[in-house]
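I'd like to ask some things about the structure below.
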Amino acid sequence: MSERIQTEADQKVATCLNEQRSFAVIAGAGSGKTSSLIDALNLVRINYGAELRINGQRVACITYTKRAVNVISTRLDFDDLFSISTLHSFLWGEIKTFTNDIRKVLRESRIPKLIVKAAEKDNGGNSKAARKAREKVAKLTEEAEKLDEVVVFRYDDSVYSSYSEGKLSHDDVIEIAGYLLINREVFRKAFGFRYPYIFVDEAQDTFPVVVEAFNIVTENSGLPVVGYFGDPWQQIFEQRAEDFRPPAGGETIEKTENFRCSESVITFLNAFRKDVEQYPAGKNKGRQGSVKITLVEAESPEAPRKRYSDLQIDRALQRMDQAVEAWGWQGRNDVIRLFLARQMIARRLGFTGINRLFTGSYASATSQEDYESGQHFLLKPIVTAIWPLIKANRNKDQRLVVDLLRTIGTAFDVRGKNQDRPLKEMVELSRQVVSELDELWTSGNVKNVFEYCQEKELIRISERLGEHLARVPRSEEYHEEAYGLEKGDWLCDEFFAMKTDELVAYCDFIQENTAYSTQHGVKGEEYSDVLVLFDDIEAAWNNYSFTKLLAPETSGDPTEGQFRRSKNLAYVCFSRAKENLRILFYTNNALSAKQELLQQKLFSEDDISVIT
């Protein structure tokens with residue numbers, strides 16, 4: 001194993017691997033979890049790699065993001081002994097050739113469960129929820145009857161399913177793979193032979209059925225061995241395996257070092273989190289840092305749905321600026337600012353209209369989620385193609401303009417309709433069309449921009465976007481009861497009519513070119529100085545309540561779900577800070593909340609300030 005093994009936790013992992021025992025490493029933030037994972041993989045390569053290669057076997061390493069896949073692959077020199085992949089890609093690779101098995105699981109388990117779940121929302125009435133539930137049951141029943149017509153099943157990293165067309169979603173892949181591993185002994189044994197060692201990174205973010213399946217595969221002594229690396233307190237997504245455990249006979253190992261945070265931040269994390277006590281290790285020993293909190297008296301919301309009005313958001317941001325100035329952080333763009341929701345970010349950066357549209361009455365939960373990730377079918381082509389093209393043109397980067405045009409549409413594709421035209425002519429054409437596009441971006445609306453791109457074949461227009469561009473705009477006055485299932489039409493029409501003014505700010509935010517981020521978006525990251533803003537009113541989410549988490553006597557007790565979600569997300573935010581942490585906490589009674597924080601010994605008197 002690499003010379004990096006130096007901690008007690010790493011030594012225990014090595015012992016488990018030498019004894020062919022499964023394990024779970026509980027590693028707090030900044031503990032060097034990825035390095036421990038790499039060391040474990042290297043140990044397997046050194047001790048068992050030759051034999052595994054002879055047997056045609058591989059070591060599975062499953063992680064949460066494509067970025068993590070690249071990091072781990074690079075540190076292992078892209079050795080093909082290791083199968084390093086995201087969870088969905090890995091599981092799909094294991095099941096995709098088993099067409100008949102997939103069909104059987106869909107018919108026997110997956111679709112029946114979805115029908116039962118949908119039927120639970122049908123109370124027999126004529127409400128929107130009841131009607132949608134009946135429609136979903138009917139659709140699923142019809143799709144189940146057409147499964148025999150499916151020749152091959154497909155998965156394309158989508159959140160949507162169409163079983164009659166053989167299209168599977170994220171959730172389908174997880175459930176089908178889990179079912180096969182748990183219930184099909186032949187499939188389970190073949191899987192265990194292919195992968196004598198299975199390592200799961202960010203185990204808290206995998207799914208309970210996957211942990212159950214892997215534990216069943218490895219439940220007997222000896223090979224295969226499963227090793228989980230994760231932290232229950234960093235589980236911030238719903239319906240994930242927060243309470244992951246190794247199979248019977250496996251060992252649970254705590255990793256208590258913190259190689260990231262300053263001593264002040266570690267002391268605060270230990271006060272906030274009681275189950276694991278970390279200590280400074282490595283280069284952060286002796287690095288003092290600081291942690292301070294400012295309490296702000298929150299205003300009562302004046303806008304509908306118990307939200308701030310625009311003027312109230314402005315005043316809340318002014319309070320933030322006041323606190324930042326008192327900390328001596330004014331004018332600094334290197335401080336990452338973490339918000340729970342996008343309302344204040346949108347106000348500060350200048351995409352309030354877009355935010356209001358995609359979180360308003362025309363937005364479904366799915367469209368809001370896609371907006372927040374930059375994956376909405378209306379926004380993705382702008383973020384990934386149109387704005388980068390215009391930006392390259394404005395920067396006079398003609399090489400980038402041409403490179404983009406070759407990849408984002410068909411007009412300049414080297415295999416497209418213009419492939420036989422001279423290069424000089426194509427370069428001149430690229431200048432012309434992008435210049436015209438830039439003019440439309442400045443003077444026209446979003447629909448004008450899309451229609452020009454469609455006409456000139458500059459980008460690939462999705463079928464869904466193309467259908468909305470082709471239809472006549474809705475002229476009816478929108479009513480939820482009458483048009484709730486079609487509200488996406490009104491969202492599209494309003495977006496098409498917007499000027500492009502706010503899109504640059506939105507693109508910069510989505511592409512992480514600003515000092516602002518959502519709290520969910522920084523998991524796995526680290527920054528020198530961090531400002532965390534907690535404002536339950538601004539967030540307008542009942543799933544979280546930081547006022548009840550941090551000051552329950554002042555604000556009331558949180559529900560069990562609110563407590564779990566809020567403390568996990570707060571811990572993730574706090575632990576991003578390498579040097580200095582600042583918390584801006586909006587509460588209905590700042591002075592009362594201050595006394596609670598002092599009683600809990602989370603802060604000293606000198607570290608708390610109040611803005612009333």
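The values are calculated or read from the model by the stated rules, or taken from the named source; none is laboratory data. Keep in mind it's a predicted model, so treat the numbers as computed, not measured. Because the Cβ atoms are built from the backbone with ideal geometry, glycine has one as well, and the counts that use them run over all protein chains shown. For accessibility, only protein heavy atoms count, side chains too; no ligands or nucleic acids. Shrake-Rupley method; radii C 1.70, N 1.55, O 1.52, S 1.80 Å.
Which of Asn395, Gly409, Ser443 sits closest to the plus end of the dipole of the chain, meaning its Cα is farthest towards the positive end, when Lys and Arg get +1 and Asp and Glu get -1 on the C-beta?
So the residue furthest toward the plus end is Gly409.
Find which of Asn55, Val383, Ala9 sits farthest along the positive direction of the dipole of the chain, computed with +1 on the beta-carbon of Lys and Arg, -1 on that of Asp and Glu, about the Cα centre.
Of the listed residues, the answer is Asn55.
For the stretch 153-237, what proportion of DSSP beta bridges, expressed in % and rounded to the nearest 5, is antiparallel?
Counting DSSP beta bridges with both partners in the stretch 153-237, the antiparallel share is about 10 percent.
Then there's this: Just list whichever of Lys391/Lys447; Lys33/Lys167; Lys136/Lys523; Lys104/Lys380; Lys456/Lys523; Lys12/Lys578 have alpha carbons separated by over 30 Å in the model shown.
Lys33/Lys167; Lys136/Lys523; Lys104/Lys380; Lys456/Lys523
Using a simple charge model, +1 on the beta-carbon of Lys and Arg, -1 on the beta-carbon of Asp and Glu, nothing else, what dipole does the chain show about its Cα centre, in debye to the nearest 20?
720 debye
Follow-up question, since we're still on this one. Counting only heavy atoms of protein chains, what accessible area per residue, in Å², does the chain have with a probe of 1.4 Å?
Ligands and nucleic acids excluded, the figure is 47 Å² per residue.
Something else about it: Looking at the chain only, what percent of DSSP beta bridges run antiparallel? Nearest 5 please.
On the way: 3 of 55 bridges.
Rounded to the nearest five, the antiparallel share is 5 percent.
Right, next: Provide the gained length on full extension for the span Glu481 to Arg131, in nm with one decimal, where the gain is 0.36 nm per separating residue minus the Cα-Cα distance.
Full extension of this stretch gives 124.9 nm more.
To the nearest µm²/s, what D does Stokes-Einstein give for the chain at 37 °C and 0.692 mPa s, using the Kirkwood radius over alpha carbon pairs as Rh? It would help to have the intermediate numbers written out before the result.
Details: Rh = 27.3 Å.
The Stokes-Einstein estimate is 120 µm²/s.
What percent does the relative contact order of the stretch 1-147 come to when contacts are Cα pairs within less than 8 Å and at least six residues apart? Intermediate values should be presented prior to the final figure.
Working: 102 pairs, mean separation 22.3, N = 147.
The value is 15 percent.
Mean separation of Cα pairs under 8 Å and 6+ residues apart, divided by the residue count of the chain: what relative contact order is that in percent?
This gives 17 percent for the chain.
Let me ask something else. How much of the accessible area of the stretch 61-208, probe 1.4 Å, is carbon plus sulfur, in whole percent? List each step's numbers first, then the result.
On the way: 3860 of 7440 Å².
Looking at the stretch 61-208 in its full context, I get 52 percent from C and S.
Collect residues whose amide H, placed 1.01 Å from N in the peptide plane, falls under 5 Å from the amide H of Ile336; neighbours closer than 5 in sequence don't count.
It is Asp529, Leu531, by chain and number.
Between Gln322 and Gln595, what is the label-point separation in nm under the 7 Å Cα-to-beta-carbon projection?
Roughly 2.2 nm, to one decimal.
To continue, here is another question. Relative contact order for the stretch 113-193: what percent, with Cα pairs under 8 Å and sequence separation of 6 or more? Write out the running numbers ahead of the final one.
Values: 74 pairs, mean separation 13.3, N = 81.
So the answer I get is 16 percent.
How large, in percent, is the carbon and sulfur part of the accessible surface of the stretch 458-612 at a probe radius of 1.4 Å? Walk me through the intermediate numbers first.
Details: 3100 of 6860 Å².
Carbon and sulfur: 45 percent of the exposed surface of the stretch 458-612.
Shifting gears a bit: Could you calculate, for the stretch 435-584, the ratio of the Cα radius of gyration to the Kirkwood radius, expressed as Rg to Rh?
1.11
For the chain, what is the mean residue ellipticity at 222 nm derived from helices alone (per DSSP H run of n ≥ 4: -39500 (n - 2.57); sum divided by total residues; nearest 500 deg cm²/dmol)?
Computed ellipticity for the chain at 222 nm equals -14000 deg cm²/dmol.
Starting from the 7 Å offset along Cα-to-Cβ, what nm value, one decimal, do you get for the label separation of Lys96 and Thr74?
2.5 nm
Also, quick follow-up: For the stretch 293-395, what size does the Cα cloud have along each of its three principal axes, sorted from largest down, in whole Å?
Result for the stretch 293-395: principal-axis Cα extents of 41, 37, 20 Å.
Expressed in nm to one decimal, what extension gain is obtained for the pair Arg474 and Asp148 from 0.36 nm per residue of sequence separation less their Cα-Cα distance?
Working it through step by step, the gained length comes to 113.5 nm.
So if I average 1/r over every pair of distinct C-alpha atoms in the stretch 1-102 and take the inverse, what Kirkwood radius in Å does that give?
14.9 Å
Related question: What Rg and what Dmax come out for the stretch 233-331 when only alpha-carbon atoms are used, in angstroms?
Taking only Cα atoms of the stretch 233-331, I get Rg and Dmax of 20.2, 59 Å.
Once you place label points 7 Å from the Cα toward the Cβ at Thr15 and Thr407, how far apart are they in nm?
That separation, rounded to one decimal, is 4.9 nm.
When the chain is fully extended, how far beyond the present Cα-Cα distance does Ser35 get from Arg194, taking 0.36 nm per residue of separation?
54.7 nm
Could you tell me which residue out of Leu114, Gln318, Val210 lies farthest along the dipole of the chain toward its positive end? Charges go on the beta carbon: Lys and Arg +1, Asp and Glu -1, centred on the Cα centre.
Of the listed residues, the answer is Val210.
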